[in-house]
Amino acid sequence: MAYSEKVIDHYTNPRNVGTLNKDSKTVGTGLVGAPECGDVMRLQIEVDENHMITDAKFKTFGCGSAIASSSLATEWLKGKSIDEALSIDNMDIVEELALPPVKIHCSVLAEDAIKSAINDYRVKNGLEAIELPKSHH
Amino acid sequence: MELPIYLDNNATTPLDPRVLEAMLPYFTNKFGNAASRNHAFGWVAEEGVDYAREQVAKLIGCTEKEIIFTSGATEADNLAIKGVYEMYQDKGNHIITVTTEHKAVLDTCKHLEKLGAEVTYLQVKADGLIDLKELEAAMTEKTILVSVMYGNNEIGVIQPVNEISAIAHKFGALFMTDATQAVGKIPVDVNADGIDLMAFTAHKMYGPKGVGVLYVRRKNPRVKVTAQMDGGGHERGMRSGTLNVPGIVGLGKACEICRLEMESEAKRLSALRDKLEKSLNELEESYVNGNVQHRLPHVANISFKYVEGEGLMMAMKDLAVSSGSACTSASLEPSYVLKSLGLSDDLAHSSIRFGLGRFTTEEEVDYAIQNTKNAVNHLRNLSPLWEMFKEGVDLSKIEWTAH
């Protein structure tokens, strides 16, 4: 199976690889997936006092599409408010990266990671957790 | 050196130019049907097939009459197992095989289970070898067939076929082996090994795709299989269908080259494989899968912990290898062979199989070592699991969101 150019680009030059201080109150961390499934994504956001995402970092254990999905997610998160970020849908990632059907679960995982990071931040800052969609993969 | 480098010789091998040369006339002026007994075109084709039969027989130490040509090893596996099951129904319905067999054997057995067969699937030990005591304990009066592969396609482990066949025979059962990865790579002798039926194929030994063999013993005991393909009664009635003459001629030539060059080739390849394996083992948290004493000379299967195999292969973009990871499959199940060794799912997902071959050079192996090391390091930099491991986090204590 050939990878799309965009997947290869994100895979070869992943954006925003790294680690934020997970104990900081201004950082939200989402860790989703499981090693035995072959996919683990950790996505982190740095949020300012206006609930705007100023930075995003990721590390991913997984295939090229999983790495590309999380790399793309970090690009999209920066500059969005935590409410706006909730609107990122896995199908947007599928479309942008031209993921084939067998790789849709990678985009789902990225969406889960975004929501999970936002929730971590919300709970840390006394906001109500949003309801996460049931895992559909 | 040309890129990409082919290191997937357990999947298929390139055609040896000498094999191609032998085949070519049989596509053009020697195009006859080997079953045409009444004219020269048929005789010439038949001669080609007869000669190939001798070349194949010589490689595995049998007579020409014991060779049944098929379309490949999958068909040969099917014919052997289904054919024995049908032919020996009066004697029993029990078949013994192993969980690490190729799907051509496992799925054939599953098919027969639906028809009333009882099948025992033996587990393997952590090194991939079966436990002979377990085999002996599984044998019953109803056991008609023991089917254990010679060399494993994923990890290269060689089963003790000699001892296995002795146990099968002690209980009056036949011994069949899928020797697809072994024939042509290591000495295989059907008499010394006590083999009653054996499947293999041309395209794993530098021959063409689409042609394989089922060896069927004719003496001590005389083995019979019920045909699974009915028609013109070719191949002594066991496999009807016009013979693939160019393919068979190519298979014969491939067998001859293997017989003459196997010894030096195995020595060269195992030295290259050991170099590759030793260098890659220098990487932290890398593990060689399968028994390292009893195995094929050209295979190395290594898990690089905390990186995922498919992602890794993408970084090894100039290398054609394969992985036990199955990120593309709907089930997301990693290799069942590696899981049978007791490997955890995450290690199975992290495995890469390197399959060296006749045309692999030392320069290519050196390149592969460097390319693989770079890829593993690149992906570990991206891996949250690697980071946690380095921080001393116990990954087994984390509650993962299973999906």
Remind me, relative contact order of chain A in percent, using alpha carbon pairs under 8 angstrom and six or more residues apart?
27
Rounded to a whole number of µm²/s, how large is the Stokes-Einstein D of chain B at 20 °C and 1.002 mPa s, given Rh as the Kirkwood radius over C-alpha pairs?
96
Would you mind telling me which residue in B:Ala202, B:Ala11, B:Ala182 has the biggest mean-square fluctuation in a Gaussian network model of chain B, where springs connect alpha carbons within a distance under 10 angstrom?
B:Ala11
Debye, to nearest 20: dipole size of the protein assembly as shown, +1 on Lys, Arg Cβ, -1 on Asp, Glu Cβ
1620
Among B:Asn301, B:Asn220, B:Asn377, determine the one that fluctuates most according to a GNM of chain B built with springs between C-alpha atoms less than 10 Å apart.
B:Asn220
A:Ser81 long-range amide H proximity, modeled H, under 5 Å:
A:Ile53
Compute the FRET efficiency between B:Lys110 and B:Arg218 as 1/(1 + (r/R0)^6), taking r as their Cβ-Cβ distance and R0 = 35 Å, and round to the nearest 0.05.
0.75
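Going through the cross-link list A:Lys124/B:Lys397; B:Lys110/B:Lys275; A:Lys57/B:Lys278; B:Lys110/B:Lys253; A:Lys115/B:Lys103, which pairs have a Cα-Cα distance over 29 Å in this structure?
Pairs exceeding the cut-off: B:Lys110/B:Lys275; A:Lys57/B:Lys278; B:Lys110/B:Lys253; A:Lys115/B:Lys103.
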As a quick test, which of the pairs A:Lys103/B:Lys305; B:Lys114/B:Lys209; A:Lys103/B:Lys204; A:Lys78/B:Lys317 have an alpha carbon distance above 28 angstrom in this structure?
B:Lys114/B:Lys209; A:Lys103/B:Lys204; A:Lys78/B:Lys317
In terms of Cα to Cα distance under 12 Å, which aspartates and glutamates are near enough to B:Lys58, apart from those fewer than 8 places away along the same chain?
B:Glu66, B:Asp189, B:Glu256
As a test of understanding, state the convex hull volume per residue of segment B:1-142 from its alpha carbons, in Å³.
202
At 0.36 nm per residue, minus the direct Cα-Cα distance, what do B:Arg236 and B:Lys278 gain on full extension? Give it in nm, one decimal, please.
10.2 nm
State the volume of the convex hull built on the alpha-carbon positions of segment B:28-107, expressed per residue in Å³ and rounded to an integer.
151
With chain B treated as a Gaussian network of Cα nodes joined by springs under 10 Å, which of B:Glu66, B:Glu391, B:Glu284 yields the largest mean-square fluctuation?
B:Glu391
Percentage of Cα-Cα pair distances in segment B:87-239 greater than 18 Å, rounded to whole percent?
58
Expressed as a whole number of Å, what is the distance separating the alpha-carbon centroids of segment A:14-88 and segment B:99-160?
46
Average Cα contact separation per residue, chain B, under 8 Å, 6 or more apart, as relative contact order %:
21
Once both labels are modelled 7 Å past Cα along the beta-carbon direction, what's the A:Ser87-B:Ala35 spacing in nm?
7.0
On average, how much area does the Cα convex hull of the protein assembly as shown cover when viewed from any direction, in nm²?
27.5
Would you please calculate the Kirkwood hydrodynamic radius of segment B:70-157 over all C-alpha pairs and express it in Å, rounded to one decimal?
13.4
Per the Kirkwood formula over distinct C-alpha pairs, the hydrodynamic radius of chain A in angstrom is 14.6
Segment B:266-394: projected area of the alpha-carbon convex hull, averaged over directions, in nm²:
8.2
Find the relative contact order for segment B:265-362 and round it to a whole percent, using C-alpha pairs within less than 8 Å whose residues are 6+ positions apart.
31
In sequence order, calculated HN-Hα J values of segment B:68-80 (Karplus, 6.51, -1.76, 1.60; Hz; x Gly/Pro)
10, 7, 10, 7, x, 6, 4, 5, 5, 4, 4, 5, 5
With a ≥ b ≥ c from the Cα gyration tensor eigenvalues, square-rooted, and the rule rounded for a/c under 1.5, otherwise prolate when a/b > b/c and oblate otherwise, segment B:152-260 is oblate
Give me the number: length gained by fully extending A:Val102 to A:Ser24, i.e. 0.36 nm times residue separation minus the C-alpha to C-alpha distance, one decimal in nm.
24.4 nm
Efficiency by 1/(1 + (r/R0)^6): what FRET value for B:Lys267 and B:Asp131, r their Cβ-Cβ distance, R0 = 35 Å, to the nearest 0.05?
0.70
Which listed residue (B:Asn153, B:Val190, B:Thr143) has the Cα farthest towards the positive end of the charge dipole for segment B:140-210, taking +1 on Lys and Arg C-beta and -1 on Asp and Glu C-beta about the Cα centre?
B:Asn153
Can you work out the FRET efficiency for the pair B:Gln123 and B:Gln89, with r the C-beta to C-beta distance and R0 = 41 Å, to the nearest 0.05?
0.90
Simple spin-label estimate for B:Asp394 and A:Val17 in nanometres, 7 Å along Cα-Cβ
3.0
Against the longest principal axis of chain B, how steep is helix B:245-281, in degrees 0 to 90 to the nearest 10, with axes from Cα atoms?
20
Built amide H within the under 5 Å cut-off of B:Ser323, gap 5+
B:Arg353
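Quick note: the coordinates plus some simple rules give every number you see, no bench work behind them. This is a predicted model, so every value here is computed, not measured. Methodologically, a virtual Cβ is constructed for each residue, glycine included, from the backbone with ideal geometry; neighbour enumeration extends over all protein chains shown.
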